[in-house]
1. Which is more than 24 Å from residue 316 (Cα to Cα) and either touching a Leu at 6+ places or on another chain (Cβ under 9 Å) or outside the structural domain of residue 264 (by TED's automatic domain parsing) (or both), of 63, 34?
2. Among (1) in a loop (DSSP other than H, G, I, E, B); (2) under 19 Å from the mean Cα position of the chain (by Cα), there is one condition residue 316 misses while meeting the rest; what is its number?
3. Go over the candidates 145, 165 one by one and state the one that is touching a Lys or Arg at 6+ places or on another chain (Cβ under 6 Å), more than 20 Å from residue 190 (Cβ to Cβ) and aromatic (Phe, Trp, Tyr).
4. Go through region 284-324 and count every residue that is crowded, with 18+ Cβ neighbours inside 10 Å, farther than 18 Å from residue 60 by Cβ and small (Gly, Ala, Ser).
5. In region 256-276, what residues are free of Cβ contacts under 8 Å to residues at least 60 places away in the same chain and part of a helix (DSSP H, G or I)?
6. Restricting to region 296-313, name every residue that is over 17 Å from the mean Cα position of the chain (by Cα) and part of a loop (DSSP other than H, G, I, E, B).
7. What pairs come out if I take residues in region 183-208 that are over 25 Å from residue 87 (Cα atoms) and pair them with residues that are part of a loop (DSSP other than H, G, I, E, B) and β-branched (Val, Ile, Thr) whose C-beta lies under 7 Å away, six or more apart or interchain?
8. Considering only region 1-58, state which residues are among the basic types (Lys, Arg) and on the phi > 0 side of the Ramachandran plot.
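The values are calculated or read from the model by the stated rules, or taken from the named source; none is laboratory data. Bear in mind that the values here come from a model prediction, so they are computed numbers and not experimental data. Counting neighbours? That spans all protein chains shown, and the Cβs are built from the backbone with ideal geometry, glycine included.
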Amino acid sequence: DDESKPDVGRRKVEKLLVEDKVDVHVGGFLSNICLACMPVFEEYEVVNIISVCLDTTLTTTKCNRYSFRPYDYAPAQAVAFAPYLVNKVGKKWHIAYADYAWGQSTRDAYVQEIKKAGGEIVGTIGIPLGTADMTPFLSKVTGNFDGLFGIFFGKDGVTIGNQAFDLGLTRKYKWAGDGAIAESTNLPALGNKIDGFIGINRYLPLLEGVLNTPAHKKFLDEAVVRLKQIDPSGPLPDRYVQSNYEAINALKLGMEKSKFHGREDNMKLIEALEGLEMKEGDDFPQGDKVLRKEDHQAFIREFIFDVKDGKYSILDVIPKEKTIFPPSCKFA
C-alpha cells in the first residue's frame, strides 16, 4: 500500500527491489506515485510495466528505458477526441481538471488538440484531488461557451458529475470529458445526472460493434464473476481492470519472446517489449495494440460514447492508427 503518497510508494518499491529481489514489476495507479518510483526501477535496472497511471510525462520527458505503458495516454486520446468535439459538439470549451500530474498533463493535451482542430479554450480551472465540495470552483465557470470538458476519475468523477448538474452547468452547456468520469463503477452513484455526457475511453463493458467478440465476452464474463467476489453489488469491469489484465499479458508475451528467467535477462526483455505487437484475442480483448520502441508508449483504438439512462452507446470508434502522437522521449 503506497498510502497515495509518493515518498511512501518510492520506499516500498525500493524494498521490493532490494530486499524482496523481484525480477520485474507490474502496477501503478496514481501518476504522481508512478513518477516518483520510475527512477528507482531505472537505478536497479528492473523492468516496470505501468498498468494504470496516465500522466503524459511517463513516456515523454520523464521516460526511461526500463518502464513501459501498454495502453493509451492523454495525447493519443486528445488526438482521437478533439476533432469530434469541435466538429460535432461545440467550438468553445471550458476545461475543469483534477489539479495534479495526470489532470494537468491531460489538460495540456486537450488545449493543444482542440485548438489544432479549430476550437477555442475559453478557460481552465483546476480542482484539488479529493475535494468534497467543488461548488466554490464550479461557480467560477461562467460565460458564453459551448461545452464544459471534465478531467476527473474515481470519487472526484462522481463529485463533479453530481455537483455540476446541481449547479445547472451540465444543462446550460454541453458536457463532455475523460471517460473516467463515467466509468461503470461510477454510474450507480451518478444516476441520471450523467445522462448526456459524451466521453472517450479505451474500454467499455459492452458487447456491441467491434467489442462483440468471443474474446471480449470471455473477459467480461470472467471479470464480472471475480469483481462480485470483491463487491457484492456486482460492478462491471472498467478500464483499470482491462489495462491491468492486458499489462500482465503484455509482460507474459515479452517474457516468452525473450525467454526471460530473471534480472540477468532484463535487456533481452526490454528488446522484446520494444515494438511489441499485441493481437486482439483472449489476452488482449480490447483490441490490437503496438508498444512503440521510441518511447515505450502503446497505441490502441479509442471509443467515443455517450450515456443515456445509465447506459453507454458507442458514437464512434477511432482506430489506433488515428491516435498517433509523435514521440518526445530521449532515453538516457
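1. Values: 63 fails: either touching a Leu at 6+ places or on another chain (Cβ under 9 Å) or outside the structural domain of residue 264 (by TED's automatic domain parsing) (or both).
Going through 63, 34 in turn, the sole match is 34.
2. Single failed check for residue 316: (1).
3. Details: 165 fails: more than 20 Å from residue 190 (Cβ to Cβ).
Unique residue meeting the criteria: 145.
4. 1
5. 256, 257, 258, 264, 265, 267, 268, 271, 272
6. If we filter region 296-313 for residues that are over 17 Å from the mean Cα position of the chain (by Cα), which is where we start, we get 306-313.
Passing the criteria: 309, 310.
7. Going by the 7 Å Cβ cut-off, there are no qualifying pairs.
8. Going through region 1-58, the residues among the basic types (Lys, Arg) turn out to be 5, 10-12, 15, 21.
The answer is 21, and nothing else.
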